[in-house]
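Notes to accompany the following structure.
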Amino acid sequence: MRTKDDLLELALDRVLGEVRAEPDEPDEPDWRHALAALARSNRAMLLRHPWALSELTVRPNLGPNALALAEAGLRLLARAGFADADLDAAMAAVNDHVVGAVIAEVAWRDTLARMSVSGAGWSERAAGYLREVTGRYPLLARRMAATGDVDVERESERRFEFALRCLLDGLAARRTG
């Protein structure tokens, strides 16, 4: 190891090794279940190691764990009928969802921590302002009022799962196999 970059590449590959895919059984028709499990495991790893988010975009990710993870996802999508550029795009869509969801979740948690409030505390702080603008943004005001005592972790997971199901539904509709 010669540089800090080398060390970061090794650290990134090590945490990528925490991501687990379900065993890839060729006879298992439910590629969606296995791909969702892979996405959930990737999300969990990134939440444990949020520093990896920025490293994923600046490192070549050519370590053995990174390559095995990429192969597992591609294999699942290939089995579902994706090929060539669509295979790459489908894998990118799943990865982009995971990374984007984790970035939003980490940012939300960091914001609440900086404000020293819970999700409910943030809603209380925003309530006064929202009452002032209710006439201009009635749907937003109703949604904000409904969040009330939101459990940030539970809501983040619910949103992740909702979007993951939507993404998998869209991929299923586009597959060629």
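Computed from the coordinates by the stated procedures, all read-outs in this text should not be read as laboratory data. These numbers come from a predicted model, not from an experiment. Quick reminder, even Gly has a Cβ in these numbers, built from the backbone with ideal geometry, and neighbours come from all protein chains shown.
Which loop-located trypsin sites (Lys or Arg not before Pro) does segment 29-82 contain, where loop means any DSSP state but H, G, I, E or B and the Cβ has at most 12 other Cβ atoms within 10 Å? Walk me through the numbers on the way to the answer.
On the way: sites: R32, R40, R43, R48, R75, R79; in loops: none.
Nothing satisfies the criteria.
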* **Positive-end residue, the chain charge dipole about Cα centroid, Cβ charges, pick of P138, G81, H33** => P138
* Arrange the following residues from fewest to most other Cβ atoms within 10 Å of their Cβ: F82, F162. => F162, F82
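So, with +1 on the Cβ of K and R and -1 on the Cβ of D and E, and no other charges, what is the size of the charge dipole of the chain about its Cα centre, to the nearest 20 debye?
Numbers: 24 positive and 28 negative charges, 156 e Å.
Taking the Cα centre of the chain as origin, the dipole is about 760 debye.
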* Asked: Based solely on its DSSP helices, what 222 nm [θ] is calculated for the chain when runs of n ≥ 4 H residues each add -39,500 (n - 2.57) and the sum is averaged over all residues, nearest 500 deg cm²/dmol?
  -> -25500 deg cm²/dmol
